[in-house]
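Nothing in this text is a laboratory measurement; each read-out follows from the coordinates by a stated rule. All values reported here derive from a predicted model rather than from experimental measurement.
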Amino acid sequence: MSMVDVSTKKASARRARAEARLTLSRAAAAAIRKVDLKKGDALAAAQIAGILAAKQTPALIPLTHPLPLSSVDVNFRWDRNVLVVQTDVQTNAATGVEMEALVGAAIAALTIYDMVKSLERGIRIESIRLIEKTGGKSGVWKASR
């Protein structure tokens, strides 16, 4: 087992977007929207957690390369009582940032769970997936709906 050798690859602009979907009860979704939780603002906490997690990916996922991240954005949107966590990670490096985007989305979703679990333990993190990646030898890849 070894880390992939990227020493012969040229640095280029790379970007990855990922998402995690959380299904919540109406009460839990309302509490998040109103910032009516014992621990405070769940979305703010999850946003910071997702950014920090993306930056720590090599410490969490074996054999990933430490990368100089140019940008990490964590945003949220609602689809009824489903909270969609979206991450967007960019770098200029010899390898991509898919894992950083996925780790950021996963940890942000887990942070939401932690912030809301006193109201509802049945929250479901339904999926964590790569939405799009650009850059590198393989170019653009987009998930099918």
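Expressed as an acute angle from 0 to 90° and rounded to the nearest 10, what is the orientation of the C-alpha long axis of helix 42-55 relative to the principal long axis of the chain?
20 degrees
Using alpha-carbon pairs under 8 Å, 6+ residues apart, how would you state the relative contact order of the chain in percent?
Values: 300 pairs, mean separation 58.2, N = 145.
With pairs under 8 Å counted, the relative contact order is 40 percent.
Whole number please: convex hull volume per residue, Cα atoms of segment 13-73, in Å³.
Values: hull volume 7.2 nm³, N = 61.
Hull volume normalised by residue count: 117 Å³.
Please list the non-local residues whose amide H lies under 5 Å from the amide H of Glu126, H modeled 1.01 Å from N, same-chain partners needing a gap of 5 or more.
Arg21, Leu22, Thr23
Using the structure shown, list the pairs from Lys38/Lys133; Lys10/Lys55; Lys117/Lys142 with a Cα-Cα distance above 26 Å, or answer none. Numbers along the way, then the final one.
Working: Lys38/Lys133 37 Å; Lys10/Lys55 22 Å; Lys117/Lys142 33 Å.
Those over the limit are Lys38/Lys133; Lys117/Lys142.
So I have (1) 1.33; (2) 1.12; (3) 1.02, and one of them is Cα Rg over 2.2 N^0.38 Å calculated from this model. Which one is it?
(2)
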